[in-house]
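Following: one structure in structure tokens, then a few remarks.
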Amino acid sequence: MRLQFAMNQGKIALEQKTETTTMATKVLIVDDEKDLLDLVRYHLEKDGFQCLQASDGLTALRLAREQRPGLLILDLMLPGLDGLDICRQLRRDPMTASLPIIMLTAKAAEVDRVVGLEVGADDYMVKPFSTRELVARVKAILRRMQAASARPIRQVGMLEVDEAGRQVRVGGAPVLLTAKEFDLLCALMRVNGRVLSREQLLEAVWGYPDASEVESRTVDVHIQRLRDKLMAEAGRIVTAKGVGYRFDAERAT
């Protein structure tokens with residue numbers, strides 16, 4: 001009986017570990033261009049990811065909610081429901097609010113990039129793009145999420161940050177942050193008040209190999225959205241004019 005119990009417990013633990021690993025490496029790819037969809041899926045699966053795919057907005061939204069992927073690669077222009085609407089709906093749902101989203105689009109104008117980031121996208125790639133770079137960005141985002149699981153809960157004033165559970169509370173009330181907003185907050189908190197430039201934040205949070213070539217407005221958009229969500233503790237994110245941002249742990253609440 002004891003041996004059978006131990007074997008059953010071991011089987012349950014293995015199944016739970018397998019499910020966690022699968023969820024962490026499951027990527028939902030959404031695009032109405034079949035050739036691009038197949039190409040991205042091929043490169044991700046070659047690197048060991050489990051892939052789901054959809055070619056329209058409604059299917060994408062359903063799969064994101066039912067399958068709970070570890071990351072979403074989302075085209076902007078889709079039949080049925082466009083990428084911006086999908087992003088908005090996922091961010092409003094507590095079950096998918098922290099799902100990392102990389103948005104794909106043929107639009108290269110800065111206003112389009114900013115709109116995508118403002119509705120909750122964590123990263124943005126303009127078509128045509130390098131599939132190797134896309135896979136690298138997927139890996140970087142998931143790596144940072146995994147690393148956060150080993151870090152403790154930090155409390156500053158009314159702000160409580162649980163890196164392992166990827167949860168934030170202000171005054172005991174939960175705050176729904178996107179994956180990038182959460183990573184940005186943690187990056188600022190870890191350096192104990194030191195100022196981080198926009199380029200440093202782009203490298204640390206977004207994983208860009210050459211952040212000097214990336215639009216730094218990305219950081220400003222995320223900082224503003226982060227401040228809006230932190231409410232009474234928004235003042236802890238301090239602007240260092242002409243340089244970047246820092247986290248103020250000493251500010252009285």
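The values are calculated or read from the model by the stated rules, or taken from the named source; none is laboratory data. Because the structure is predicted, anything quoted here is derived from the model rather than measured. Because the Cβ atoms are built from the backbone with ideal geometry, glycine has one as well, and the counts that use them run over all protein chains shown. Keep in mind that these areas ignore ligands, DNA and RNA; they rest on the heavy atoms of the full protein, side chains included. Shrake-Rupley method; radii C 1.70, N 1.55, O 1.52, S 1.80 Å.
Approximating the spin labels as points 7 Å out from Cα along Cα→Cβ, the residue 68-to-residue 197 distance works out to 4.1 nm. Each residue of region 225-232 was assigned a 3J(HN,Hα) from its phi angle through the Karplus expression (A = 6.51, B = -1.76, C = 1.60, θ = phi - 60°), giving 5, 5, 4, 4, 7, 7, 6, 4 Hz with x at Gly and Pro. Full extension of the chain between residue 154 and residue 249 yields a length gain of 33.1 nm, computed as 0.36 nm times the residue separation minus the alpha carbon distance.
Mind scanning 139/241; 127/229; 46/127; 26/139 and naming the pairs with a C-alpha gap bigger than 23 Å? Those over the limit are 139/241; 127/229. Can you list the residues, at least 5 places off or on another chain, whose amide H is less than 5 Å from the amide H of residue 124, using H built in the peptide plane? The list, which skips near neighbours in sequence, is 103.
Probing with 1.4 Å while keeping every protein chain in the model, the per residue accessible area of region 25-140 equals 43 Å². Packing-based ranking of 57-63, 171-177 yields 57-63, 171-177, ordered from highest to lowest mean Cβ neighbour count within 10 Å.
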